[in-house]
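Enquirer: Sharing a structure, written as structure tokens. Questions coming.
Any read-out appearing in this document is the output of simple, stated calculations on the displayed coordinates, not a laboratory observation. Since the model is a prediction, treat every value here as computed from it, not as a measurement. Positions of Cβ are generated from backbone atoms using ideal geometry, with glycine treated the same way; all protein chains shown enter the neighbour counts.
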Amino acid sequence: MTLEIPLYIKIFLLLQSPFILGVPDYTEMPMVRIPAGEYIRVVERETRQTVQKKIYLDEFSIDQFETSVAEYARCVGKGECDPEPLIRMYVNIEEQGRLQSQTGRKATNDCDAIYLSQMKSHRKDIGDEVFAEMPGYVELLTCALGKAANDPKPIGYASYIDAANYCRFVNKRLPTEAEWEKAARGDKDARLYSWGDERPTDCRFANLSGLFKGGGKLCPDGPIDARDTRYPPSPYGVYNLIGNQSEYVADIYNRGFYAKAPYKNPVGDLETFEALQLPVYKHMSSIGKGTGFATQEKRAFRAAWSNTPPSLPGAIANSRNQQGLSRDHGFRCVRR
């Protein structure tokens, strides 16, 4: 999972290092300690019946907030993270990853203006595109780094690899799905949501503005800042585990794993799936312009601002190799 950045981009980032060092040191993310012990996992079956199962986890600490754009920018500046999620944050891209029509539209910001000027003769789907191969890439990256330096919004358009690389950069890792769920649910009951069992019908408990469009003053216009504390935290004090961004976890996705997972420190990896005789779901994923496609395992991610339903028992499966195609693909990290 080593990140390959072209040499000329590494040189560019090195020359930008005085600027990057000026980015606030958000890598010192406040973390919440989750004590060792059991919690109640609620397994949601295809029949919509639920089964409660106790899971034991060793002590770990989880980021109190989602990873912000500014935090991710520091990793990019050190040459350890892919710049493309940053660029996508400031280029007008449709939700499914395709470029907005270049004809008859105005730029939404100065980075988008640079992009439009370069794309007049370079129109392709984002899924087939590598930004580093575009004309004017350095100018576009410079613009994105400038905007990202103090951007408090959660990073979006991240792939599973982007998330894993960033967590490694800050000497952490992605949470297992069990760790994420315990941090969200607590260890006292089998609640459906981090705030309890009351099903949300608006944005009173979490930023579910993608689900409750037109929800009035209670619903923000898109993702809120990564460190926004307007909504109630989980029982342990972790914010926005439900709502705001989808969050990648380390596990490969298979709904059957939740019922069959080991009692202690379950990890949904290939070795465990083989031992449990569970299938590994895969899909074809673009791996960059001119290099074709690769078969990738589907990865689990949790609790987006637009999930339906946004309950803790559910998990949404998705994975991307080089390219995260959604604004709400984000993450947070853990450490043991």
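Enquirer: Classify the range 154-283: rounded, prolate or oblate, from the alpha-carbon gyration tensor (a ≥ b ≥ c, eigenvalue square roots; a/c under 1.5 rounded; otherwise prolate if a/b is larger than b/c)?
Expert: Prolate shape, in that a/c is at least 1.5 and a/b is the bigger ratio.
Enquirer: 7 Å from Cα along Cα→Cβ at both residue 197 and residue 171: what's the point-to-point distance in nm?
Expert: With each label placed 7 Å out from Cα toward Cβ, I get 4.4 nm.
Enquirer: Could you pull out which residues in the range 60-77 have an amide N less than 13 Å from a spot 7 Å beyond the Cα of residue 265, following the Cα-Cβ vector?
Expert: From the range 60-77, the list is 60-61.
Enquirer: Neighbour counts of other C-beta atoms within 10 Å: give me 201, 272 arranged from fewest to most.
Expert: 201, 272
Enquirer: Then there's this: Going 7 Å from the Cα of residue 108 in the Cα-to-Cβ direction, what parts of the range 71-87 have a backbone nitrogen less than 14 Å from that spot?
Expert: 86-87
Enquirer: Another one. In the structure shown, do any of 153/188; 106/153; 147/298; 260/282; 54/153 have a Cα-Cα gap over 28 Å, and if so which?
Expert: 153/188; 147/298; 54/153, as the Cα separations exceed 28 Å there.
Enquirer: Something else now. If I model a spin label at residue 150 and residue 54 as a point 7 Å from the Cα along the Cα→Cβ vector, what separation in nanometres do I get?
Expert: 5.2
Enquirer: Cut-off is 10 Å between beta-carbons; in what order do 89, 31 appear when sorted fewest neighbours first?
Expert: 31, 89
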